[in-house]
1. Provide the packing ranking of 147-158, 291-302, i.e. peptides ordered by the mean count of other C-beta atoms within 10 Å per residue, highest first.
2. Which log10 I(q)/I(0) values does region 151-206 give at q = 0.22 Å⁻¹ under the Debye formula, counting every alpha carbon as one identical point scatterer?
3. Of Arg64, Arg316, Arg126, which is the most mobile in a GNM of the chain whose springs link Cα atoms less than 10 angstrom apart?
4. Quick one: angle between helix 162-176 and the longest Cα principal axis of the chain, in degrees between 0 and 90, rounded to 10, please.
5. Report, in whole Å, the centroid distance computed from the Cα atoms of region 275-313 and region 245-264.
6. Write down the percent of antiparallel bridges among all DSSP beta bridges whose residues are both part of the chain, to the nearest 5.
7. Ratio of alpha-carbon Rg to the 2.2 N^0.38 Å globular estimate for region 72-182, to two decimals, please.
8. Could you work out [θ]222 nm for the chain from helices alone, using -39500 (n - 2.57) per DSSP H run of at least four and dividing by all its residues? Round to the nearest 500 deg cm²/dmol.
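Each value in this text was obtained by applying a stated rule to the coordinates, not by laboratory testing. Everything numeric in this text was worked out from a predicted model, so none of it was measured. Here Cβ is always computed from backbone atoms with ideal geometry, including for glycine, and neighbour counts include all displayed protein chains.
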Amino acid sequence: MLKLTQNAFFNGETSALFTAQVAEQTRQFHQQIEAYQPTPLISLAQLAARLGVKAILVKDESHRFGLNAFKVLGGSYALGQQLAEHLGVDITDIDMKTVAAKLSEPLVFATATAGNHGTGVAWAAREMGQKAVVYMPKGSSQASVDRIRNLGAECIVTDCNYDDTVRIANQTAAENSWMLVQDTAWEGYEKIPTWISQGYMTMAVEAQEQAVEMGLNPTHLMLQAGVGAMAGGILGYFADKLGAANFSTIIAEPSKADCIYRSGEKGEMVAVTGSLNSIMAGLACGEPNPITWPILKQCSSFFASVDDQVTATGMRVLGNPLNGDTKIISGESGALTLGLLYMLASHEEFAQQKELLGLNQDSVVMLFSTEGDTNPIRYRQIVWEGALSTAN
C-alpha cells in the first residue's frame with residue numbers, strides 16, 4: 001500500500017535557484033496577468049481533529065486561471081522568460097497581452113505532457129499570441145487532449161510512455177526550430193526547466209502568506225512528485241524562507257513510477273523504466289529532474305512510494321468532507337498527499353511510520369492539491385462508484 005524511507009542524505013543546504021527572492025519575482029510576473037488571483041489555502045479543521053493533528057492546510061489549485069491545475073504557473077513563466085530572452089529584454093518588460101506585437105511572426109512552443117503542463121503551455125501561448133504543439137503519452141485521457149486542442153494548440157498522442165514522449169517532443173522541436181518548453185531537464189537542457197520550477201514557487205509564496213494570516217507555520221510539508229519539478233521549487237522556497245531543519249518534508253510518488261523514492265534511498269538519481277502505469281498521470285514519470293533533485297536530496301526528510309488506492313482515498317476524503325470542512329475537488333495527482341496523511345494517521349498498521357514522521361497534536365500539515373477533476377470520468381468512477389477502494 002505504501003512505503004516510507006527516511007532521507008539519510010539530508011543536510012539542509014538550500015539552492016540559489018529556489019529562494020524567497022526568486023519566488024517573489026515569479027509572483028510579480030503572474031500578478032500582471034489579468035486573471036491572476038491567489039488560490040485558496042483551505043483549513044480542514046474537522047479532519048485535523050479527526051486525525052489528531054493541529055491543522056491541515058490544503059492549497060486548492062483547481063482555481064488557478066480557470067484551468068483546473070497549477071501547471072500554468074510554470075509554463076507561463078517559462079514562456080515569458082523565453083520571449084524576454086528572444087527580444088533581449090527583462091522578464092519585467094513582458095506583458096502577455098502586448099508581447100505578440102513585438103514579434104514579426106508567432107513563435108512555436110513544443111512540449112510533452114501527461115495533461116496539465118501541456119494545458120498550461122497551450123493557454124500561455126494563446127494568451128501571448130503564440131503557437132503550441134503538445135505531445136502526450138499513450139493512454140492519455142481524451143478529456144486532456146480535447147482541453148489542449150480547445151486552447152488552440154495542436155495535440156499529438158504518441159504510442160509510448162511519458163519519458164519517450166519527451167524525447168519525441170525534443171527531437172521534433174529541434175528539427176523544426178521550435179522552442180521546447182519541458183518541465184524536466186537533461187544535460188544541455190537546464191535553463192527552461194529551471195524557469196518552470198521557479199514559476200511554481202508562486203504557489204509557495206501565496207501559501208506561506210495565507211498560513212501566516214491564520215497564525216500558523218507548517219511543521220510538515222507533504223509534496224507529490226513526478227520528475228520533482230514542482231516539489232523542488234516549493235521545497236526550495238520553504239527551505240530558504242523557514243530553514244529546512246525547522247519542518248519535515250515528505251515527498252510522495254506513485255509506486256509504479258517512484259524514481260525519487262529510489263533515488264532517495266540510494267543518494268543519487270535512479271530512473272524507473274516500463275509502462276509507469278498509474279492513475280496519477282501527472283506523476284507517472286520515471287526519470288528525476290536533475291535541476292531539482294539536489295534540493296530534494298538535501299532538504300527532504302522522507303520519501304514515500306504509494307499505491308493508486310491511497311490517492312483514490314484522498315480524492316474521496318477531500319470530496320466528501322466532515323461537517324464544517326470545505327469540499328475540495330482533487331484529481332488523481334492532486335490528492336496523493338492527503339490520502340497518504342489519512343492512511344498514516346488513521347490506520348493502526350502505520351502507527352510506527354506516523355510516529356517516525358512526528359505527526360501529533362502540534363503538527364501543522366501543508367498540502368498542495370495540484371489539480372481538480374481533470375479527468376472527469378475517472379473522478380466519478382473513484383469518488384462516486386468507489387473504484388480503487390482500499391477495502392478491495
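1. 291-302, 147-158
2. -0.99
3. Arg126
4. The answer is roughly 10 degrees.
5. Using only Cα atoms to place each centre, the spacing works out to 6 Å.
6. The antiparallel fraction comes to roughly 25 percent.
7. 1.02
8. -12500 deg cm²/dmol
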